[in-house]
Amino acid sequence: MNYIDFLKSKVAVAKHTGFDVDELNPALKPHQRDTVQWCLKGGRRAVFASFGMGKTVIGLETAHKCAEKTGKQSLICLPLGVRQEFVRDAETVLGYDKPVYVRNMAEIKASSADILLTNYERVRDGDIDPTYFGCTVLDEAAVLRGFGSKTYQTFLDKFKGVEFKFVMTATPDPNKYKELIHYAGYLEVMDTGQALTRFFQRDST
């Protein structure tokens, strides 16, 4: 075994738990199509994309295709300030029905929309159960960066077992490895504690 093969043997690659698609919305730009296909094939993926790359459209198309696949509704969690951006892009860019904003499980069950929108606090405080959905998308997912934060610890448990789940946020700091590990923990790609033990020397003293 040469050195390159040795290094490759140490790489931990996340499993594909998703599905392939033949057709995507023609309004997607090439990089957006590639990203959506990668997300859907992986099943649980994080999209780190700078401002202007179209994370909103990527998240909407991913949620739409998952709803088609599972026959269940998809939930997008987002800051309230960007809700209208999602509604506008769904209707005017992608040509889909208007995503519906929901505040509790009663409103969810009363809605026939494929894609539902809510804010982080609704999930964190227990008004909405993410496991009801076939797919969840977290937009502006920087709220997951802090392992000790209430939102991270709560979301880790509440979203556990969701079949298809995705994170959409700006490019993380490349030097903050723990931030990447926290996203991996949420996506169930690798346990946070396991990752710290495997890749870093843990000082328990």
**Message:** For Ala67, only one of the following conditions fails: (1) in contact (Cβ under 8 Å) with a residue 12 or more places away in the chain; (2) touching a Lys or Arg at 6+ places or on another chain (Cβ under 8 Å). What is its number?
**Reply:** (2)
**Complete:** Per the list (1) over 13 Å from Leu138 (Cα atoms); (2) modelled with pLDDT of 95 or more; (3) of a type in the set (S, T, N, Q), residue check on Thr62 breaks on (1)
**Request:** Could you give me the residue pairs with C-beta distances under 6 Å whose first residue belongs to segment 168-194 and is closer than 18 Å to Gly59 by Cα, whose second residue is hydrophobic (A, V, I, L, M, F, W, C) and crowded, with 19+ Cβ neighbours inside 10 Å wherever it lies, and which are 6+ apart or on separate chains?
**Result:** Met168/Val47; Thr169/Ala141; Tyr183/Ala46; Tyr183/Val167; Tyr186/Leu144
**Request:** Taking only segment 114-128 into account, find how many residues are touching a helix residue (DSSP H, G or I) at 6+ places or on another chain (Cβ under 6 Å) and either assigned to a loop (DSSP other than H, G, I, E, B) or over 20 Å from Gly59 (Cα atoms) (or both).
**Result:** 3
**Request:** Take segment 154-171 and flag every residue that is surrounded by fewer than 17 Cβ atoms within 10 Å (Cβ to Cβ) and either part of a loop (DSSP other than H, G, I, E, B) or at positive phi (or both).
**Result:** Lys160, Gly161, Ala170, Thr171
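Restricting the search to segment 177-196, which residues are assigned to a helix (DSSP H, G or I) and under 21 Å from Ala49 (Cβ atoms)? Steps first, answer last, please.
Narrowing segment 177-196 to residues assigned to a helix (DSSP H, G or I): 177-186, 192-196.
Of everything in segment 177-196, those that are assigned to a helix (DSSP H, G or I) and under 21 Å from Ala49 (Cβ atoms) turn out to be Tyr177, Lys178, Glu179, Leu180, Ile181, His182, Tyr183, Ala184, Gly185, Tyr186.
Filter segment 115-153 down to the residues that are among the small types (Gly, Ala, Ser) and at negative phi, then identify the one that is surrounded by the most Cβ atoms within 10 Å (Cβ to Cβ).
Our first condition is that a residue be among the small types (Gly, Ala, Ser); within segment 115-153, this holds for 126, 134, 141-142, 146, 148-149.
Cutting the leftovers down to at negative phi gives us 134, 141-142, 146, 148-149.
On the way: Gly134: 20, Ala141: 25, Ala142: 13, Gly146: 14, Gly148: 6, Ser149: 13.
For segment 115-153, the residue satisfying everything is Ala141.
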**Item:** Check on Leu116, at pLDDT 85 or above, under 23 Å from Gln37 (Cβ atoms) and in contact with a strand residue (DSSP E or B) (Cβ under 6 Å, 6 or more places away or on another chain)
**Value:** no
**Complete:** Condition set in contact with a Leu (Cβ under 6 Å, 6 or more places away or on another chain) and of a type in the set (Ser, Thr, Tyr), scope segment 120-163, selection modelled with the highest pLDDT: answer is Thr136
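The values are calculated or read from the model by the stated rules, or taken from the named source; none is laboratory data. Note that this is a predicted model, so its numbers are computed, not measured. Glycine gets a Cβ as well: all are built from the backbone with ideal geometry, and neighbour counts include every protein chain shown.
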